[in-house]
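This report concerns only the one structure given below.
The values are calculated or read from the model by the stated rules, or taken from the named source; none is laboratory data. Here the structure is a predicted model, which means the values were calculated and not measured. Positions of Cβ are backbone-derived with ideal geometry, glycine not excepted, and every protein chain shown enters the neighbour counts. All accessible areas refer to the heavy atoms of the entire protein, side chains included, with ligands and DNA or RNA removed. Shrake-Rupley method; radii C 1.70, N 1.55, O 1.52, S 1.80 Å.
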Amino acid sequence: MAERLLDVKDLQVHFNTEDGIVHAVDGVSFDLERGKVLGIVGESGSGKSVTAMTLLGLTRDVNTRFQGEVLYKGRDLLKLPETAMQDFRGNEMGMIFQDPMTSLNPVYRIGNQIVEAIRTHEDIDKGRAKRRAVDLLRQVGIPRPDVRVDDYPHQFSGGMRQRAMIAMALSCNPDVLIADEPTTALDVTIQAQIIELIDRLKDDFNSAVILITHDLGVVADVADEIIVMYAGRVVERGAKRQVFYDPQMPYTWGLLGSIPRLDRPKPKRLASITGSPPSLINLPRGCKFRPRCPHAFDKCIEEPDLVNRVEEPGHLDRCWLSVQEKRAVRDRTIRGEEEAA
């Protein structure tokens, strides 16, 4: 049995603001085993990045309130002091941020930034650290790494900067790698290369990956389990096969319908989800997706629990519709036929 690295239980992250309390993350639970890829999917504002940054202690502030547990190898990260978290970040858990141009310092050479990350956690000299930086750049596919290690971020293309960020995140061989929108602003060819690289490096470094994205297509090939988030909550969770071939939540149908398909006739227009995500300060009553859901009915004024409603164990959703009702309308909704009608 694979080693369980991470166990998140009922995580809640609330921010006190002048306008009210922002319920950024509200009761998120999941676990992660070594060698596995967990995909977290949802629109902007669904709580994906806040969840990830909380694991690393990056949301700590006097106006932030936490509840629940984040157990990493038995230790509750929410209770670790900041000095311990500084040792933890990079060593045990690394993160690839979504915009490498703002994450990399523009006035320092790429190699120096990787060397700094290594020497922060290890007592080695600059020469050895730089040689390791060159090896890391080679592993992530940077051509002529012994030369490019002395380049500045603006001399790298977008895809190469993202590869440099991956090299930095892996510099101390962490057990968990968090990739927060790692393919944002990259063309589809480079996107595929970056996702394939992360999947390969997961095996090379014997680590686990949390892959955060708004696009279900990005996690289609690599994720073992998928969590769909909406308004700070998990609205569907299951194995990749379950979520893609038997989705139970109308919000998931909307995300799937927005992906261009090559195995079907080209539609006049892609299906879309009407409306906008709700304010995390003033959330709607009942099901949080109710104001945007074309299948909402009277019972949706009560919030459903995240439970197993289908025959297969481990496939959870947060919707009052019966399984029979869902399957009757799901495929038409994903193809956008109901909207066209």
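Between residue 157 and residue 16, the modelled labels are 4.9 nm apart [label points 7 Å from Cα along Cα→Cβ].
Would region 206-341 count as rounded, prolate or oblate if I go by the C-alpha gyration tensor, calling it rounded below 1.5 in a/c and otherwise prolate when a/b exceeds b/c, oblate otherwise?
Note, shape of region 206-341 comes out rounded.
Give me the percent of accessible area attributable to carbon and sulfur for region 4-59, probe 1.4 angstrom. Reported share for carbon and sulfur atoms: 46 percent. Within the listed set 166, 194, 301, the Gaussian network model of the chain (springs between alpha-carbon atoms below 10 Å) gives the highest mean-square fluctuation for 301. Across region 13-111, Cα-Cα pairs farther apart than 19 Å form 52% of the total.
Largest accessible area first, the residues 30, 205 order themselves as 205, 30 under a 1.4 Å probe with ligands, DNA and RNA left out. Charge dipole (Cα centre; +1 on Lys/Arg Cβ, -1 on Asp/Glu Cβ; no other charges) of region 1-78 amounts to roughly 340 debye. A simple spin-label model places pseudo-atoms 7 Å from Cα toward Cβ; at residue 220 and residue 196 they are separated by 1.6 nm. Just checking the listed ones, 200, 144, 89: in the Gaussian network model of the chain with Cα springs under 10 Å, the one fluctuating most is 144. Using the Cα centre of the chain as origin and beta-carbon charges of +1 (Lys, Arg) and -1 (Asp, Glu), tell me which of 201, 137, 11 is placed farthest towards the positive end of the dipole. Checking the options against the dipole of the chain, the answer is 137.
Taking all protein chains as shown and a probe of 1.4 angstrom, residue 305 keeps an accessible surface of around 100 Å².
Restricting the calculation to Cα atoms, region 50-202 shows an Rg/Rh of 0.98 when the hydrodynamic-style radius is the Kirkwood one.
Quick one: accessible surface of residue 121, probe radius 1.4 Å, all protein chains present, in square angstrom to the nearest 10. It works out to around 50 Å².
Per residue of the chain, the DSSP helices (runs of n ≥ 4 H) give a summed -39500 (n - 2.57) that works out to -9500 deg cm²/dmol at 222 nm.
Quotient of the Cα radius of gyration of region 137-286 and 2.2 N^0.38 Å, N being its number of residues: 1.23.
Listed values for region 102-107 are Karplus-derived 3J(HN,Hα) couplings in whole Hz (6.51 cos²θ - 1.76 cosθ + 1.60, θ = phi - 60°), namely 8, 8, 8, 6, x, 9, and x replaces Gly and Pro. Taking all protein chains together and rolling a 1.4 Å probe, residue 300 ends up with roughly 10 Å² accessible. Near residue 40, the amide H atoms lying under 5 Å from its own belong to 211, 212, 213, 227; only residues 5 or more places off or on other chains count, and H is placed 1.01 Å from N. Extending 7 Å from Cα along the Cβ direction at residue 285 and again at residue 323 yields two label points whose distance is 3.1 nm.
Only Cα pairs within less than 10 Å get springs; with that Gaussian network setup on the chain, which residue of 311, 116, 43 has the largest fluctuation? Evaluated over the chain, the most mobile residue of the options is 311.
Charged side chains reduced to their Cβ positions (Lys and Arg at +1, Asp and Glu at -1) give the chain a dipole of some 620 debye around its Cα centre. With the dipole of region 163-222 worked out from charges on the C-beta (+1 for Lys and Arg, -1 for Asp and Glu) around the Cα centre, which of 213, 171, 191 lies farthest toward the positive end? Checked the options; the winner is 171.
Using 0.36 nm times the number of residues separating residue 120 and residue 83, minus their current alpha carbon distance, what extension gain do you get?
Gain on extension, residue 120 to residue 83, equals 12.0 nm.
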